[in-house]
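Asker: Dropping the structure in here first, questions after.
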Amino acid sequence: MVEFIGCTNVLMEAYRTHATPCWQHHPTDCTNVVIRGVTVDSIGPNNDGFDPDACSNVLCEDMTFNTGDDCIAIKSGKNLDTGYGPAQDHVIRNCIMN
């Protein structure tokens, strides 16, 4: 649904996703990512809420997740993307996960 690749200073804030067919937020190889106050509402297979992939300095706060799969899945290189490097410095706080 929302995918950033190789970005710096990413802000996703105060909106709602609904009935998405797959992963809803997938930043890859990004630095300084903030996702805040977003409501993720989608029940179905493989529709993770937030999948930061090989990112650093990530803040996920004040979120509401209602998903059919993972609410949050921190990854370090998906499939052939392993050249991006490790996932590091992630903070998850004040989130509701269903």
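The values are calculated or read from the model by the stated rules, or taken from the named source; none is laboratory data. Since this is a predicted model, take the numbers as computed values, not measurements. Glycine gets a Cβ as well: all are built from the backbone with ideal geometry, and neighbour counts include every protein chain shown.
Asker: Look at the stretch 1-40 and say how many of its residues are farther than 18 Å from SER76 by Cα, in a loop (DSSP other than H, G, I, E, B) and modelled with pLDDT under 95.
Answerer: Of the residues in that region, 5 qualify.
Asker: Next up: Give the residues of the stretch 71-97 that are at pLDDT 95 or above, more than 18 Å from ASN9 (Cα to Cα) and loosely packed, with under 14 Cβ neighbours inside 10 Å, sorted by residue number.
Answerer: ARG93, ASN94, ILE96 - these are the residues of the stretch 71-97 that are at pLDDT 95 or above, more than 18 Å from ASN9 (Cα to Cα) and loosely packed, with under 14 Cβ neighbours inside 10 Å.
Asker: Let me ask something additional. Can you tell me which residue is farthest from CYS7 (Cα to Cα) among those in the stretch 71-80 that are in a loop (DSSP other than H, G, I, E, B) and not polar (S, T, N, Q)?
Answerer: Filtering the stretch 71-80 down to residues in a loop (DSSP other than H, G, I, E, B) leaves 71, 73-74, 76-78.
Among the residues that remain, those that are also not polar (S, T, N, Q) are: 71, 73-74, 77-78.
Details: CYS71: 22, ALA73: 19, ILE74: 17, GLY77: 15, LYS78: 17 Å.
Ranking the candidates gives CYS71 first.
Asker: Here's another thing I want to ask about it. Would you please list the contacts, defined by Cβ atoms under 6 Å and residues six or more apart or on different chains, that run from a residue in the stretch 11-34 that is surrounded by fewer than 19 Cβ atoms within 10 Å (Cβ to Cβ) and small (Gly, Ala, Ser) to a residue that is in a loop (DSSP other than H, G, I, E, B) and at pLDDT 95 or above?
Answerer: Close Cβ pairs satisfying both conditions: ALA14/GLY37.
Asker: Name the single residue, out of those in the stretch 42-70 being of a type in the set (Gly, Ala, Ser) and part of a loop (DSSP other than H, G, I, E, B), that is surrounded by the most Cβ atoms within 10 Å (Cβ to Cβ).
Answerer: My answer is GLY49.
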